[in-house]
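The values are calculated or read from the model by the stated rules, or taken from the named source; none is laboratory data. Quick caveat, the model's predicted, so the values are computed rather than measured. The protein model used for the area step is the full one, side chains on, heavy atoms only, and it has no ligands, DNA or RNA in it. Shrake-Rupley method; radii C 1.70, N 1.55, O 1.52, S 1.80 Å.
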Amino acid sequence: MTIAAFWPPPPHETTVERYRQLADAGIDLVITGNYLNDAAILRHSLACAEKVGLGVLVASDPRIDVLMRDLDVDERQTRALISRVIDDYEGYGSFRGISLMDEPYPDRFPRLAVGVSEVRSRGHLAYVNLFPSHVTGSYDAYVGDFVSAVRPSVLSFDRYPFLSSGEDDGYFADLATIRTHAARAGLPAWLYLQTLAYDGHRTPTAAELAWQVNTALAYGYTGFQYFTYWTPDPARGEGFQPALIHDGEPTERYAIVRTLNTGWLRPIGEALSGLPWTGVEHSSDFLLGRYGEQHLFVCNARFDTPVEVTLPGRLSAYDPATGTYSPCPGTFTLAPGAARLLR
């Protein structure tokens, strides 16, 4: 289980104290950005993360961005440049890998294949995050071609479901497509979680934050990336509203996410560790994710109302506070966005 935060504190707030605040929220991986875009500040970020036990995925080294998007160089040169970037960072115990590109078009897949191969050969995570389907045309073809051409280490995508006008009807289809290709290729599936309002999107409630986590768990996802942790600078445009940390201060969603991560997601991840995800059933009221031969992850399909669930057989429910299972009735109520792990 990976719990990551994208858009960390900016350079002048990149301190051990700020990174401890990240770790206290139950986050274990920092995905860089927010002007951490030269080797000096990235090394400082790695040093701060190392002191508090966080990992860092370097996603904002400009040399990688230019190499992957713009330069016309051969494979030998590509590998040499990537290796040089890794040399700058791999002396830090917090260094986990390199983000090679965010949201690539298919014409970049051959270059990304070389980059993924080189980063992997150095023993680090080679990361690429994919578009959602409303940009790509046939999403099945886009994701399938990416897997075939690039041979990635993980499948990750972003699609933010809470719109100003309602909900994004295509969210579940993309969730399923990524998970299907990840299962077929034997890869972990990761997704981004919406934490804030921005152009065309609303601020999620506590139930909506939990719903994003729990629906993804029902689909067998093992990587959860919060978008965003720190509120992006208004100069970026896109109308970003307060995230988990705004003007240096935690918003109410920081506490919600901290409780969600430490009291639910992390212990549930440990309970599911080693259990193969085998599929999901979807109804209008709830999602039923299947793990191994005996475990069911039942999630309220609604984030705005409780639902009553009835399941056959003798059931025990997992208590994340104690790490134990106790007998439970076959009929129970799930709060909006909530879930249960059953055996």
In degrees rounded to 10, the 0-90 angle between helix 171-185 Cα long axis and the longest Cα principal axis of the chain is 70
Specify the angular offset, from 0 to 90 degrees and rounded to the nearest 10, of the alpha carbon long axis of helix 75-89 from the longest principal axis of the alpha carbons in the chain. 70
Note to self: C-alpha centroids of the range 9-53 and the range 309-326 sit apart, in Å, by 38
Three semi-axes of the equivalent ellipsoid, the range 10-122, Cα gyration tensor, whole Å, largest first: 27, 13, 12
Angle in degrees between helix 206-218 and the longest Cα principal axis of the chain, rounded to the nearest 10: 90
Hey, what do the phi angles of the range 304-320 turn into as Karplus ³J(HN,Hα) couplings, whole Hz, using 6.51/-1.76/1.60 and θ = phi - 60°, x for Gly and Pro? 10, 7, x, 9, 9, 10, 10, 10, x, x, 8, 10, 10, 9, 7, 9, x
Probe 1.4 Å, heavy atoms of protein chains only: per residue, the accessible area of the range 240-343 in Å² is 50
Gap in Å between the Cα centre of the range 193-213 and the Cα centre of the range 98-142? 26
Given a 1.4 angstrom probe, I'd like the percentage of the accessible area of the chain that is carbon and sulfur, rounded to a whole number. 49
Relative contact order of the range 98-222, pairs being alpha-carbon contacts under 8 Å that are 6 or more residues apart, as %: 22
Calculate, in nm to one decimal, what Val73 and Thr322 gain on full extension: separation in residues at 0.36 nm each, minus their alpha carbon distance. 84.1 nm
So, relative contact order of the range 167-246 in percent, Cα under 8 Å, 6 or more apart, is 34
Give the dimensionless ratio obtained when the Cα radius of gyration of the chain is divided by 2.2 N^0.38 Å. 0.99
Please list 3J(HN,Hα) in residue order for the range 95-100, calculated via the Karplus relation 6.51 cos²θ - 1.76 cosθ + 1.60 where θ = phi - 60°; whole Hz, with x for glycine and proline. 6, 10, x, 10, 7, 7
Rounded to whole Å², per residue accessible area for the range 1-139 with a 1.4 Å probe reads 40
Would you report the distance distribution of C-alpha pairs in the range 189-343 as whole percents per 10 angstrom bin, up to the bin with the largest distance? 11, 38, 32, 14, 4, 0
Provide the percentage of antiparallel DSSP beta bridges, counting only those with both residues in the chain; round to the nearest 5. 50
May I ask for the percentage of alpha-carbon pairs in the range 97-244 that lie more than 27 Å from each other? 24
Find the relative contact order for the chain and round it to a whole percent, using C-alpha pairs within less than 8 Å whose residues are 6+ positions apart. 14
Across the range 330-343, in residue order, what do the Karplus-derived ³J(HN,Hα) couplings come to in whole Hz, using 6.51 cos²θ - 1.76 cosθ + 1.60 with θ = phi - 60° and x for Gly and Pro? x, 10, 8, 10, 9, 5, x, x, 7, 8, 9, 9, 10, 10
Among Leu296, Leu311, Leu46, which one shows the highest mean-square fluctuation when the chain is modelled as a Gaussian network with alpha-carbon springs under 10 Å? Leu311
